[in-house]
1. Is there a residue being in the same structural domain as residue 48 (by TED's automatic domain parsing) and closer than 18 Å to residue 216 by Cβ anywhere in the stretch 84-92?
2. Take the conditions among the acidic types (Asp, Glu), modelled with pLDDT of 95 or more and over 20 Å from residue 68 (Cβ atoms) and apply them to residue 104. Does it pass?
3. Could you pull out the residue among 135, 157 that is farther than 19 Å from residue 113 by Cβ and either without any contact (Cβ under 8 Å) to a residue 24 or more places away in the chain or of a type outside the set (Lys, Arg) (or both)?
Amino acid sequence: MHFIEAQQKVLPALRSLCRAKVLGPDLFNDQMLVDSADLIAGVDEAGRGPLAGPVVAAAVILDPDQPIEGLRDSKKLTARVRERLAEEIKRKALAWSVAHATVEEIDALNILEATMLAMKRAIVGLSIEPNLILVDGNRIPRMNRRINAVVKGDDKVPAISAASILAKTTRDSAMMELDERYPQYGFAAHKGYGVKRHIEAIRRYGVLPVHRRTFSPVREILEAEDSFSLEPDCAADGRP
């Protein structure tokens with residue numbers, strides 16, 4: 001699945017995470033931004049909850065001399081607006097990077113640690129070293145950088161909003177590619193989330209390589225298939 005648009009260095013997965021110092025309104029202030037000399041990288045992810053596909057992370061350093069109107073949490077924007085803003089972000093940002101963790105990494109590590117891995121790859125992929133990194137949520141990847149988390153940062157910090165938009169549009173594009181390969185699963189509509197139509201398709205057509213096998217209900221479907229395959233073949237020994 002070739003959808004990563006910025007250079008990334010493949011790093012070994014880190015199993016150790018650190019709990020972030022969460023920035024609330026009393027800690028996230030103008031002086032922090034002044035001290036960072038505008039080189040602030042916003043980081044966000046897309047795709048933690050779905051049953052299929054990678055988890056994608058983006059890091060963005062905005063250019064204060066080229067403001068972008070309309071930045072906010074990508075989930076609160078229409079697909080058309082997200083796509084328009086994504087192109088503007090790529091054109092105007094000082095630096096941006098998009099990276100991902102694979103389905104295999106998600107199943108091997110767990111979704112939280114895979115998300116941290118994707119975020120770290122996105123940060124390392126930036127062409128400019130930021131003075132401050134702000135991550136949406138309450139967890140951060142362990143890095144030797146000045147880095148903090150901002151709860152609901154995708155609606156508070158423009159750089160995080162921009163990262164949210166790039167991560168979301170990149171992942172959506174990847175799911176559209178999956179829809180072309182596996183049209184019976186409906187990835188274009190549900191983007192891999194566990195909606196009824198998706199679960200029914202898995203039961204009818206089977207689990208794909210792009211499905212996260214450690215996620216319920218994919219795991220339960222696989223366990224049921226394994227259980228069925230282990231049942232004795234009564235017809236083989238003449239029993240009814």
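The values are calculated or read from the model by the stated rules, or taken from the named source; none is laboratory data. For clarity, every value in this text was computed on a predicted model and none was experimentally measured. Here Cβ is always computed from backbone atoms with ideal geometry, including for glycine, and neighbour counts include all displayed protein chains.
1. There is no residue in the stretch 84-92 that is in the same structural domain as residue 48 (by TED's automatic domain parsing) and closer than 18 Å to residue 216 by Cβ.
2. yes
3. Criteria check complete, one pass: 157.
To keep it simple, each residue is scored yes or no on (1) assigned to a loop (DSSP other than H, G, I, E, B); (2) outside the structural domain of residue 48 (by TED's automatic domain parsing); (3) surrounded by 19 or more Cβ atoms within 10 Å (Cβ to Cβ).
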| site | (1), (2), (3) |
| --- | --- |
| 120 | no, no, yes |
| 128 | yes, no, no |
| 133 | no, no, yes |
| 142 | yes, no, no |
| 162 | no, no, yes |
| 167 | no, no, yes |
| 171 | no, no, yes |
| 174 | no, no, yes |
| 177 | no, no, no |
